[in-house]
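Chemist: Encoded as C-alpha cells, here's the structure I'll be asking about.
Throughout, read-outs are computed from the coordinates displayed, never taken from laboratory work. The structure displayed is predicted, hence computed values, not measured ones. Cβ placement follows ideal geometry from the backbone for every residue including glycine, while neighbour counts extend to all protein chains displayed.
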Amino acid sequence: MAFAGRRDVPEPPDFGILKRLARDQLIYLLEQQHEVDKLYKVESRPALSASDQFCFLVRPRIRTMRYIADIINADKMSGRTRKYKIIFSPQKFYACEMVLEEEGVFGDVTCDEWSFYLLPLDEDIISMELPEFFRDYFLEGDHRWINSVARALQLLNSLYGPFSKAYGIGRCAKMSYELWRDLEEESEGEGQGRKPEIGNIFLMDRDTDYVTALCSQVVYEGLVDDTFRIKCGSVDFGPDVTSSDKSIKVLLNAQDKVFSQIRNEHFSSVFGFLSQKSRNLQAQYDRRRGMDIKQMKNFVSQELKGLKQEHRLLSLHIGACESIMKKKTKQDFQEMMKAEHSLLEGFDIRESTSFIEEHIDRQVSPIESLRLMCLLSITENGLNPKDYRSLKTQYLQSYGPEHLLTFHNLKRIGLLTEQSAGDTLTAMESKVSRLVTDRAAGKITDAFNSLARKSNFRAISKKLGLIPRVDGEYDLKMPRDMAYVFSGAYVPLSCKIIEQVLERRGWLGLEEVVRLLNGNEFAVSDSTVEDNPAWDYQRIILAVFLGGCTFSEIAALRFLGKERGFKFIFLTTAITNSSRMMEAMIEAKA
Amino acid sequence: MDCYTANWNPLGEEAFYRKFELYTMEWSLKEDLRDCLVAAAPYGGPIALLKNNARKEKSPSARPLLEIYSASGLLLASMLWKSGQLVQLGWTASEDLLCIQEDGTVLIYNLFCEFKRHFSMGNEVLQNHVLEAKVFHTEYGTGVAILTGALRFSLATNIDDLKLRRMPEVPGLQKPPSCWAVLSQDRVTIVLLAVGQDLYLLDNTSCSVVTPPGMSPSAGAYVQMAVSFNYRCLALFTDTGYIWMGLATLKEKLCEFNSSIRSSPKQMVWCMRPRSRQRAVVVAWDRQLMVAGNSKECIQYKRLTIEVLLDRLVLRRLYPLAIRICEYLRLSEIQGVSRILAHWACYKVQQKDKSDEEVAQAINQKLGDTPGISYSEIAARAYDCGRTELAIKLLEYEPRSGEQVPLLLKMKRSKLALSKAIESGDTDLVYTVVLHLKNELTRGTFFMTLQNQPVALSLYRQFCKHQERETLKDLYNQDDNHQELGNFHVHSSYSEKRIEGRVGALQNALDEYYKAKNEFAAKATEDQIKLLRLQRHLQEDFDKPYLDLSLHDTVSNLILDGHHKRAEQLYREFKIPDKRYWWLKINALATRGDWEEMEKFSKSKKSPIGYLPFVEISVKHHNRYEAKKYAPRVTPEQRVKAFVLVGDLDQAADAAIEHKNETEMNFVLSKCSPSTDAAVAEKLNRARVQLLKK
C-alpha cells in the first residue's frame, strides 16, 4: 500500500515445479514402504505401535541415530521383530551409519535418501529448512552442509537455467559456489542451453552481517515471527489472538490477501491499514441492502465467500496486532528500541551499557539480554575488558552458571568478544594455524577466523551510510529507503551490500568495505549466457543467505526491488531472527 | 496383388499367417535339443546349451559340455562342466549365464564361459535339493525361483542384492505342482502354482486359493501356464484343451479359447509385438502350433534401447564396432565413446602379459581426459585382478580426488585416502576415511595421523562430541587444550546426578581453567562450586529445592521464604552488586506482600536504583497505598511519572508545572478525564499558556 513502486518489475519464475518434485519424491519413497498408517514426530517417543514396520524420515544427525538405535534395541530386548527404514533428508551421512553400526543396529535397518533441498515457502522465498546450518558451520566449523547448498543450486540451475552473473561474499559463499561449479562441470550437459529465467545470483554468509539479524524487527512479518514464531511459512495464533479458546494455524504468504498487503509494512502503519480495510469490508457487506433478488443471488454466489474469507483473515491479523501491541507498546520496549538505536548509531554507549545491565539484573529475558550484549559487542568491535567481565558475571548470576559455555560459543563465533586483547587464539587454535600448509587445511583456520576477526561495524556503517541522516520525522508510511524496516534508524548492512554490488555490477569501488568485511568477495560472469541488461531475467536476482535471513531483510529487498525494477527471490538455509540465533549458541544441559 | 498374398495361409476365420526363414542357424547339432539343458537370453541374445547332462553316467570322460552360441548359432565359447549336477540354466538381463545346481548353488559365467562368482540359495535348498528352478526378470533385476524337494518355494528377487525369501507352505501339497510361474505385482514377486483344478497364490506371508474370473467350471485341471514378459498377462491351459487368457492380477478375463487338443503342450508363450495392439498366446505341441488371442488394445514399449545394444557389443568385446556405431549415431561422448573406452580399459587391465607401466600408459594414451571416463573404476577393476600397483598408477589419472578414496581405502592406503578426501572438500568422505582409520589403526597412531590433518581432526572431534565423550577428552589432553578440557568437565557436570559428582567435575574444570589462564572462567566455576555447596545446605536446612537455581533465584527464593539473614549472607559472600540486590529484594518482598519489610528496607540506606522502582512494583501488585509512600521520594526528573502511576494527577501536575516542562504537562493532561479532573486540567492549561508566553 505505501509504496507503489515501478510497474516494470519482472515476474518471478514458477516454483510449482519445485513443489511437485519434492512431493513426488516423497510419495515414491513412502509408497515403497507400503501404507504409512500413522505419523509420529521423532522428537517424542513414538506411541506404542503394533505396526510391524517403522519408517523414519529424519535429518542426518547423530543424536537422531542414537534415538532410533534405542528404539530398535528396546524392541529387540522385548523380543519384537519389526522392519525399520530410515529415510535421510537431504542426504545420508557416513557418520550416521557408523553410529548405527556402533549401536549394533546397522543390520536391522534399511536406508534411503530423500534429496529434498528446497521448500518454496512463498512466491519469492525458498528455504532449505536447515536451521542447524548456522551453528554447524559458523560455530563448529563443520562444512557438511556446503555440499547440500551446492546441490540446491544445481537443482535450481537445472530447473531455471543458468545464471549469467554470480556475486558473493564470505568464505562459505565462495566454497558453496565453487563446489557447485564443480558439480556442474561433472554433470555436463544437463540444464545447458536452457533459457535462463534467473539472471543473477548473490550469495552471502550470515557472518558478513550479524548486526541486522540481531535487531528487533518492526515490519509486520518480522514482528509476527519475533512474537509468535513462523514455522515453515505458517504460524499458530493462540487464544489471545483468536479471542476464542483454541489456536488457529494460519498460512502466511502472498495468497493471504490481507497479509500480503501488510507484511512488509512498518508496524506503526499496520493498524491504520487494517481498520481502513475493515471499513471497506463493511461497506461491501452493506451493499446488499439495496439489492433485488437477482443481485442478491449474484452477491451470495460470487462475492460472499471471498468477503467472508477476508473477514476471517482480517480479524485474525487485528487480533495478532493487538497482541503485539500489548507486548511492544510497553515502556520497556520503547526504551529497548531507544537503546538499540543508540547502539546502531554509536551514541551514548555508557547509557546503553547500563540499560543492558539493568535488563540482566531484572531478569527480563535471558535471550533478549544475550542479544543486547551481542549487539553491543558487535557494533563496538568488542566490549571493553571491564564491561566484558562484569556483564558476563551479571548474566551468570541472573540466568545460571551453565551459560559459561554459551559465552565460550559466543566468543568463538565472534558475537561477544573482548576489545582487541590481541592474542585471542587459544593454544589449540594457534597450533592449528601453524600446521596450515595446504589448500584444504586453510579452510579450518577460517572457521576460527571469527576469533581474531573484527566486525568493523562502525567503519562500515560510515562508509556505506547505513545510518540515514534524519531531517525531521522519517515518514514510515512513505519510506524513502530500506531503513524503514528499522524505523528509519538503520539500513540493513546485508541489503545495502547487495544494492551496491548490483548497482556497480561488481565490487569495483567497494574495496575498502570489502577489506573491512574481511574479503572473500567474488563476481563471475557466465560467458555462455548472453548478457543484455534489458532482458527481464536479468532483473531477477536470487539472494542466497547462508546461515539464515530475517523477514526484515526480505522486506527491505522487496522494497529495493520495487524501487529499482528488480525482483528478488530468496534462498535461505532457514528463516532466522535474533532469538533463533541466540538459541543456537546456547549450550543446553545434556 | 497376387505377389503380396501368395504366401499367406488362412488361420481360423479372420486371420492369416505366413512363414519365412529369417536366417539359418550356423550350428550343426548332433544331439536332440530335447536331451539338452537350453537357455536363450532375451532380445536375441546368446544361447546356452548343456549336453550330456543325464544323471546316471558319472564317468569323467562323459562330463557334460557347456556351449554358448550367438543367436544365429555361432559358437562363442565352450567348456567341460566339472561342477555339480545342473538343474537349470538361465540368463541375466546383462547377459550373464546362471547355472543352477541341484544343491542350490548358482554359478555365474559371462558369455565367454569365464567364471564370475557364485552364490547359494540357502540351507533349506541345500538339504532338500532343487526340484525345479526358474530364472525371471523384473524391474529389480534378475531373480531365481526354486521349488525344493520338500515342495517349498525359495526366491531371490535380485541376484545382485541377494535377499533369500522362503515362501510359506502350500497346505496339503503332496506332489509337485503341475505347473507354476513367478509373477511381479506392485513391486512384489509372488508365485502362482496349479495343483489339479486349484490355483494357489503364494506371497510373502500367506498362501491363498484363487479363481480366475470367467473360468468355465468344467474346464478341468491346469496343465500349463504362461506369463507375459511384462507380467501383465497370464494364460492358463487345462487338460480339456481350454485356454484362459487374462490379466495376471486375475481381475479380468481377456478371452478364452477351446483348442480341443487334450494333450499337454510342450510350450506356451505370450506373443506381443512392440507397439502392436494385438496380443496372443502361442501354444506348441510336437507337430502343431496354435495362436490364440484377440485384438484389444495393448501397448508394449520398445525395451532394447541403444545403450543396451552398445552394452551387448561391449560384452562381446567388439569395441571398434561399438565406437563406430556411437559415432554414426552422433551420441554424446559421455553416453557413447567414453563409456566404450572405459570398458575397453577395464578389459585391458586384465591382460597379464603386459607390465603395469605399459598398461597404465596405453590406457592413458587412448583415454586422455575424455569426459565421462572414470579412472577410478578402471583402477578398481585392476585391483580386482590383483594388480594393486597398476591400480594406484591409474588412480593418479583420476582428476576428482573424491573418486579415488573408496578404492584407496579398499587397498589399505588409508593415509593417502585421507589426504585425497580432504582435498575433495567433501566432509562426508572425510568422515568415511576417519572412521575407517579409527578402526584400522591403533589409537596412538590414529591420533598421530589426525594431528597432521586439522580438518579431519575437527570433524572427528564433532563426532566424539556426540558419540564418544571420553575420546574427546583424550584428544584435548593430547593438545594440552585446557580451555576445552575445562568446558568438557563443565559439560560433564551437567549429567552428574549426585552433588559430590558435580562438585568433583567442576573442580576438574577449575583446574583446567587455571591452566588455561582463563581467570574469568575459573572465578565463575569457583563461584558455582561455592553456590552448589551452599544450595545443598539450604536444601538440608529448609527442606526445599534450591539446586539448579541461579544465584539470583536462590537469593530471591530465600527472601520469598522470609530468610532475610541468609539472603543477606549470600549477597555479601558473592558480592552481588547493590543494584541487582535492590531490584531483586523489592521484587521478592512485593511478591510476598511484605510491605512492612519493604518500607524498612527502603529506609535502610539510599536506594541505588532510586525510588521509582518501589512505586512501579507496588502499582504492579495493585497496592496504590504503598506506592504513594514512595512517590515523593522519587527524584524530581521522574516524579511526574511516579505521581501519574499512583494516580495522583494533582501532584503530578504540580511537579510538571514546577519543571516548566511542556511534554510532561501534556503527558499529565492526556491522563486527565474531563469529568473528574477538570480542575487539574485547568491548572495545567493555564501553566501551559504561561509557558508559551515567555
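Chemist: Which aspartates and glutamates, if any, have their Cα less than 18 Å from the Cα of residue B:600, not counting same-chain residues under 8 positions apart?
Modeler: Cross-link targets: B:561, B:568, B:578, B:616, B:626.
Chemist: Straight-line reach only, C-alpha to C-alpha below 15 angstrom: list the aspartates and glutamates that residue A:19 could link to, leaving out same-chain residues fewer than 8 apart.
Modeler: Partners found: A:122, A:123, A:124, A:129.
Chemist: Set the Förster distance to 22 Å, then compute FRET efficiency between residue A:327 and residue A:247 from the Cβ-Cβ distance, nearest 0.05. It would help to have the intermediate numbers written out before the result.
Modeler: Working: r = 18 Å, r/R0 = 0.80.
For residue A:327 and residue A:247, the calculated efficiency is 0.80.
Chemist: Using only DSSP helix segments of four residues or longer, with each worth -39500 (n - 2.57), what per-residue ellipticity at 222 nm results for the protein assembly as shown after dividing by its residue count and rounding to 500?
Modeler: Here the helix-only value at 222 nm equals -14000 deg cm²/dmol.
Chemist: If you stretched the chain out fully between residue B:625 and residue B:291, how much longer would it get, using 0.36 nm times the residue separation minus the C-alpha to C-alpha distance?
Modeler: Stretched fully, the residue B:625-residue B:291 segment lengthens by 109.4 nm.
Chemist: In peptide B:543-552, what is the residue-averaged number of other protein chain Cβ atoms found within 10 Å of each Cβ?
Modeler: The mean count of partner-chain Cβ atoms within 10 Å per residue comes to 3.
Chemist: Now for a different question. Enumerate the helices in chain A for which the Kyte-Doolittle hydropathy averages -0.5 or more and the C-alpha atoms extend at least 30 Å along the helix's axis, using complete DSSP H runs.
Modeler: Span-like helices here: A:304-328.
Chemist: Over all directions, the average projected area of the alpha-carbon convex hull for region B:619-660 comes to how many nm²?
Modeler: Result: a mean projected hull area of 2.6 nm².
Chemist: For the Cα atoms of chain B, what angle does the longest principal axis make with the long axis of helix B:662-671, in degrees from 0 to 90, nearest 10?
Modeler: With both axes taken from Cα atoms, the answer is about 70 degrees.
Chemist: Take every residue in peptide B:467-474, count the Cβ atoms of other chains within 10 Å of its Cβ, and give the average of those counts.
Modeler: Counting other chains' Cβ atoms within 10 Å and averaging over B:467-474 gives 1.
Chemist: Taking only the C-alpha atoms, wrap a convex hull around region B:564-645 and report its volume per residue in Å³ as a whole number. The partial results should precede the final answer.
Modeler: On the way: hull volume 6.9 nm³, N = 82.
For region B:564-645, the hull spanned by Cα atoms encloses 84 Å³ per residue.
Chemist: Longer than 28 Å from Cα to Cα, which of A:92/B:410; B:628/B:683; A:85/B:420; A:454/B:530 are they? Say none if no pair is.
Modeler: Check vs 28 Å cut-off fails for A:85/B:420; A:454/B:530.
Chemist: Related question: Once you have all Cα-Cα distances for region B:341-401, histogram them in 5 Å bins from zero and send the whole-percent values.
Modeler: Over region B:341-401, the share of Cα pairs per 5 Å bin runs 4, 23, 38, 26, 8, 2 percent.
Chemist: How long, wide and thick is region A:108-148, going by the Cα atoms along their three principal axes, in whole angstroms, largest first?
Modeler: Taking the Cα atoms of region A:108-148, the three principal extents are 42, 28, 14 Å.
Chemist: If you wrap a convex hull around the alpha carbons of region B:494-615, what volume per residue comes out, as a whole number of Å³?
Modeler: So the per-residue hull volume is 114 Å³.
Chemist: What is the calculated FRET efficiency for residue B:638 to residue A:231, with r their C-beta to C-beta distance and R₀ = 35 Å, to the nearest 0.05?
Modeler: Working: r = 42 Å, r/R0 = 1.20.
Rounded to the nearest 0.05, the efficiency is 0.25.
Chemist: May I pose another question? Working from Cα positions, state the angle (0 to 90°, nearest 10) between the long axis of helix B:427-440 and the longest principal axis of chain B.
Modeler: 80 degrees
Chemist: Given R₀ = 45 Å, FRET efficiency for residue B:544-residue A:345 by Cβ-Cβ distance, to 0.05?
Modeler: Efficiency, from the Cβ-Cβ distance: 0.40.
Chemist: Moving on. Beyond 20 Å, what share of the Cα-Cα pairs of region A:471-540 is found? Please give it as a whole percent. Don't skip to the answer; put the middle values down first.
Modeler: Working: 1185 of 2415 pairs.
In whole percent, the share of Cα-Cα pairs in region A:471-540 beyond 20 Å is 49.
Chemist: Right, here's the next one. Scattering from the C-alpha atoms of region B:601-694 alone, worked out with Debye: what is log10 I(q)/I(0) at q = 0.14, 0.17, 0.20 1/Å?
Modeler: -0.52, -0.71, -0.90
Chemist: Using 7 Å Cα-to-Cβ label points, what is the residue B:19/residue B:93 separation (nm, one decimal)?
Modeler: 3.6 nm
Chemist: Please report, to two decimal places, log10 I(q)/I(0) for the protein assembly as shown at q = 0.08, 0.09 Å⁻¹ as given by the Debye formula with identical point scatterers on the Cα atoms and no solvent.
Modeler: At q = 0.08, 0.09 Å⁻¹ the computed log10 ratios are -1.14, -1.32.
Chemist: Residue B:38 versus residue B:663, label points 7 Å from Cα toward the beta carbon: distance in nm?
Modeler: 10.5 nm
Chemist: Using Cα-Cα distances under 8 Å and only pairs 6 or more residues apart, what relative contact order does chain B have, in percent?
Modeler: Relative contact order of chain B: 3 percent.
Chemist: Taking a quarter of the surface of the Cα convex hull of region A:287-428, what do you get in nm²?
Modeler: Projected over every direction and averaged, the Cα hull of region A:287-428 covers 14.4 nm².
Chemist: Checking the a/c ratio against 1.5 first, then a/b against b/c, what shape does the Cα gyration tensor give for region B:534-691?
Modeler: Judged from the Cα gyration tensor, region B:534-691 comes out prolate (a/c at least 1.5, a/b above b/c).
Chemist: Here is a follow-up. For q values of 0.06 Å⁻¹, compute log₁₀ I(q)/I(0) with the Debye formula on a Cα-only model of chain B, without solvent.
Modeler: Those come out to -0.69, one per q.
Chemist: Cα-Cα over 28 Å: which of B:575/B:603; B:473/B:575; A:392/A:477; A:231/B:585; B:30/B:266?
Modeler: Numbers: B:575/B:603 21 Å; B:473/B:575 34 Å; A:392/A:477 40 Å; A:231/B:585 39 Å; B:30/B:266 21 Å.
Correct reply: B:473/B:575; A:392/A:477; A:231/B:585.
Chemist: Note down the relative contact order for region A:511-587 as a percent, whole number, built from C-alpha pairs under 8 angstrom at least six residues apart.
Modeler: Taking the mean separation of contacting Cα pairs over the length of region A:511-587, I get 30 percent.
Chemist: Right, something else. Can you tell me the orientation of helix B:564-573 relative to chain B, as the angle in degrees between its alpha-carbon axis and the longest Cα principal axis, to the nearest 10?
Modeler: 70 degrees
Chemist: Could you calculate the contour length gain from residue B:140 to residue B:62, that is, 0.36 nm times the residue separation minus the distance between their Cα atoms, to one decimal place in nm?
Modeler: Taking 0.36 nm per residue and subtracting the Cα distance, the gain is 24.2 nm.
Chemist: Still on this model: Note the direction-averaged projected area, equal to a quarter of the hull surface, for the Cα convex hull of region B:4-163, in nm².
Modeler: 13.1 nm²
Chemist: For chain A, what is the Kirkwood estimate of the hydrodynamic radius, computed as the reciprocal of the mean inverse distance between distinct Cα atoms, to one decimal in Å?
Modeler: Working: mean 1/r = 0.0381 Å⁻¹.
About 26.2 Å for chain A.
Chemist: Separate question: If we sort B:335-344, B:119-128, A:11-20 on the protection proxy, mean other Cβ atoms within 10 Å, highest first, what's the order?
Modeler: Values: B:335-344: 20.6, B:119-128: 17.4, A:11-20: 14.3.
In descending order of packing, they fall as B:335-344, B:119-128, A:11-20.
Chemist: Mind pulling up the Rg/Rh value for region A:213-352? Radius of gyration and Kirkwood radius, both on Cα. Could you put the intermediate results ahead of the total?
Modeler: Numbers: Rg = 19.0 Å, Rh = 17.2 Å.
Radius of gyration over Kirkwood radius for region A:213-352 works out to 1.10.
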